[in-house]
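The values are calculated or read from the model by the stated rules, or taken from the named source; none is laboratory data. Since the structure is predicted, the reported quantities are computational estimates derived from the model, not experimental observations. No Cβ is skipped: glycine too gets one built from the backbone with ideal geometry, and neighbour counts run over all protein chains shown. Only protein heavy atoms, including side chains, enter the accessible area calculation; ligands, DNA and RNA are left aside. Shrake-Rupley method; radii C 1.70, N 1.55, O 1.52, S 1.80 Å.
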Amino acid sequence: MMVDSRVLRTKKRLYKAMGELLEEKAFNEITVTDLTKKAKTTRKTFYTHYQDKIELIEEYQSQLFDMLNDKLKNYKFLDENYIRTYFEMVDKQDALLKGLMSYQGSLEMQNLYREGMRHDVMILFANQITDKNQLRYVSIIVANGLFGVTQEWLLNGKKESPDEMAKLIVSLGLIPGKIFAENHSK
């Protein structure tokens, strides 16, 4: 299905407006009127595409996850290369991701993001960790750690490069050492 370029531009303006509004106030305080005013569009246009602001965020999140999954799907291990590629993709995102990940952002989006990471980590570690309970906890630790580091990096203005972030995470041991070593011995 071909999407009209005007529709894409309108949606990008709405995403950008939401990101900018999240710098000013909490997600729960943002109204559709705030959003349409900031995006220089009408409420009618907004409601043509979305039922509410949650649906706008869900669409954005779905596109973000699809893009991340597409870029990272060929990795077999959670290693420095994976982390670097992940941060390169996050680095290319607009203000909306930063806003959603901020303390004023959408808790629902943050939880979905963490769960997506946890799912990916479980897949990447499934061959190395056969104990389901251990796999569950490792995936929670790594996903929450990576989420927290990503959140801090975004909120701090992405001062480090994706390469520096990958090296830092590996050096700090966010990736479990034994598993990381096994990844490179196969």
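Does any residue of region 114-134 turn out to be part of a helix (DSSP H, G or I) and within 23 Å of Arg13 (Cβ to Cβ)? Please lay out each step first, then the result.
Of region 114-134, the ones part of a helix (DSSP H, G or I) are 114-125, 132-134.
Subset that is within 23 Å of Arg13 (Cβ to Cβ): none.
Scanning region 114-134 turns up no residue that is part of a helix (DSSP H, G or I) and within 23 Å of Arg13 (Cβ to Cβ).
Taking the residues in region 63-81 that are acidic (Asp, Glu) and part of a helix (DSSP H, G or I) as candidates, determine which candidate is farthest from Asn127 (Cα to Cα).
Looking at residues that are acidic (Asp, Glu) and part of a helix (DSSP H, G or I), I get Asp66.
Looking at (1) closer than 23 Å to Met18 by Cβ; (2) at pLDDT below 85; (3) open to solvent by less than 20 Å² (accessible area, probe 1.4 Å), which is the one condition that is false for Thr150?
(2)
Quickly run through region 87-105 and pick out the residues that are within 13 Å of the chain's Cα centre (by Cα), open to solvent by 10 Å² or more (accessible area, probe 1.4 Å) and not charged (D, E, K, R). It would help to see each step written out before you state the result.
Keep residues of region 87-105 that are within 13 Å of the chain's Cα centre (by Cα), which gives 87-102, 105.
Keeping just the survivors that are open to solvent by 10 Å² or more (accessible area, probe 1.4 Å) gives 88-89, 91-95, 98, 102, 105.
The answer is Met89, Gln93, Ala95, Ser102, Gly105.
Filter region 63-83 down to the residues that are out of contact with any Ser or Thr (no Cβ under 8 Å at 6 or more places or on another chain) and open to solvent by 50 Å² or more (accessible area, probe 1.4 Å) and list them by number.
Going through region 63-83, the residues out of contact with any Ser or Thr (no Cβ under 8 Å at 6 or more places or on another chain) turn out to be 63-70, 73-74, 76-83.
If the condition is that a residue be out of contact with any Ser or Thr (no Cβ under 8 Å at 6 or more places or on another chain) and open to solvent by 50 Å² or more (accessible area, probe 1.4 Å), then Gln63, Asp66, Met67, Asn69, Asp70, Lys73, Asn74, Lys76, Phe77, Asn81 are the ones that fit.
Output the number of the condition that Ser139 fails; it satisfies all remaining conditions of (1) in contact with a helix residue (DSSP H, G or I) (Cβ under 6 Å, 6 or more places away or on another chain); (2) among the small types (Gly, Ala, Ser); (3) open to solvent by 20 Å² or more (accessible area, probe 1.4 Å).
Condition not satisfied by Ser139: (3).
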